[in-house]
1. Asp111 accessible area, nearest 10 Å², 1.4 Å probe?
2. What shape does segment 341-459 have by the C-alpha gyration tensor, where a ≥ b ≥ c are the square roots of the eigenvalues, rounded means a/c under 1.5, and otherwise prolate means a/b greater than b/c and oblate the rest?
3. For His353, which sequence-distant residues (separation of 5 or more, or a different chain) have an amide H within less than 5 Å of its own amide H, given hydrogens modelled in the peptide plane?
4. At a 10 angstrom cut-off on C-beta neighbours, averaged per residue, how do the peptides 242-251, 340-349 rank from highest to lowest?
5. Just order 262-270, 432-440, 72-80 by mean Cβ neighbour count inside 10 Å, highest at the front, would you?
6. Rank these residues by their accessible area, most exposed first, probe 1.4 Å: Ile53, Ile112.
7. Which percent of the accessible heavy-atom area of segment 41-464 goes to carbon and sulfur, probe 1.4 angstrom?
8. Going by average Cβ neighbours within 10 Å, how do the peptides 196-207, 271-282, 133-144, 315-326 rank, with the highest at the top?
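The values are calculated or read from the model by the stated rules, or taken from the named source; none is laboratory data. Only a predicted model underlies this, so the values are computations on that prediction, with no experimental measurement involved. Using ideal geometry, Cβ is built from the backbone for each residue, glycine included, and neighbour counts are taken over all protein chains shown. What goes into the accessible areas is simple: the full protein's heavy atoms, side chains included, and nothing from ligands, DNA or RNA. Shrake-Rupley method; radii C 1.70, N 1.55, O 1.52, S 1.80 Å.
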Amino acid sequence: MSEGSWKPCSPGGGHSERAASHPDAGTDGNIGIALKKQIGLFSACGIIIGNIIGSGVFVSPKGVLQNAGSVGLSIIVWVCTGFFTAVGALCYAELGVTIPKSGGDYSYVKDIFGGLAGFLRLWIAVLVIYPTSQAVVALTFSTYVLQPLFPTCLPATDCLAPPGSRLPWVNCHSVRWAMCVQDVFTAGKLLALGLIIIMGFVQICKGHYYWLEPSHALENFREYEVGLLALSFLQGSFAYGGWNFLNYVTEELVDPCRNLPRAIFISIPVVTFVYVFVNMAYITALSPQELLASNAVAVTFGAKLLGVMSWIMPMAVALSTFGGVNGSLFTSSRLFFAGAREGHLPHLLAMIHTRRCTPIPALLFTLISTLLMLCTSDIYTLINYVGFVNYLFYGVTVAGLIVLRVQQPSMHRPIKISLVWPVLYLLFWTFLMVFSLYSGPLVCGVGLVIMMTGVPVYFLGVYWENKPRCFIITMSKAAS
């Protein structure tokens, strides 16, 4: 890049009243550089749907069935978790237009509960959540794009560069290009899932609906345990992960007061419909035992029904994961950008390109952290540890909506939902958190310990403003 192509966005500059009224205004009143509003309703839906639907529904939807114990109860769990996901997204919609900043729950938690709480949310996201999840999805892409070429052996995923090494260039070049990729691959994965649903209906028309009959679907219904049912709901809730990602890019959303809730009202029901009917389609061709034994359910399903065209399913998984990496890269880079703008990460990450208006340093940081995660052998273990903490902050954020209502009742709210919804979501969230701690106290405890390592970092790096010169020099030498 040529000299002068970069300009920093000063802390708080991107969300001042002047910045909101003028896309190129800074906090000092001078014309500066800001993220442009280029994401319309269609792309907003693509971000939500594309981030929720990754490889899970294709590869391993068996977690819900395994813990629910019956086909009928597992379908009920998919419907209920879709409903509570919609309730949580509705709460985030109010927060998103009341606190119109990019950064999502990090920005809301920081503004409502203070800098330390916000930093801990950012810390766990930067340290583990997004690098590990993107690395896993990238590895899944590599595995399934090679599977048709090596049908009789396990592909070596290191012989194909993960999509994370290509997509950053697209995201750095143009928001429109990134959204074009997101829209195309989201449409592609919906078409693939639509094919599965259609094949399921064909199976039903042929009379293959044994496990969907009430007497068989609710087999073992009376034998379930509350703890296992909670784990089933937890698995279902994780499958809907990504529903809050649109809030990370609020500042780039065209007319967020209208398009944010509209995208939620469109996307969450679509995802719920897809999840429910895809799982019903699977059970028309596979018995519950076959489904639980398969490590790639869609591939097994395709092999049984598509014959020589069964290669479609591995390619569908690859396309889905490619779009998932793109969406995660786009949104997580905005989270890191927002954290740097608030002074919680190095200011370099708050810089954006003057012509392209993309946060290139934040995007490159996301790429590097993901590639570093690919070098470790404990990616899945780390995800298990911090998954509880990630879900913990969903509840903290929704609770913040109630706190904000009490502390600032006269605050302007373009969207104001009934308090019944956040209370309902928090009851469901408490149910999941309690049984998560009960069933896996060690895993949850390690996740909390990883999060709490951010406390000394916050006080040394952020809260302590008047640092001695010797401390600054020492830290600079250590960094270099």
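1. Asp111 has an accessible surface of roughly 70 Å² with all protein chains in place.
2. Oblate is the answer for segment 341-459, as a/c is 1.5 or above yet b/c matches or exceeds a/b.
3. For His353, whose amide H was placed from the backbone, the distant partners under 5 Å are Thr358, Ile360.
4. Ranking the peptides 242-251, 340-349 by packing returns 242-251, 340-349.
5. In decreasing order of mean packing, 262-270, 432-440, 72-80 become 72-80, 262-270, 432-440.
6. Ile112, Ile53
7. 70
8. 315-326, 133-144, 271-282, 196-207
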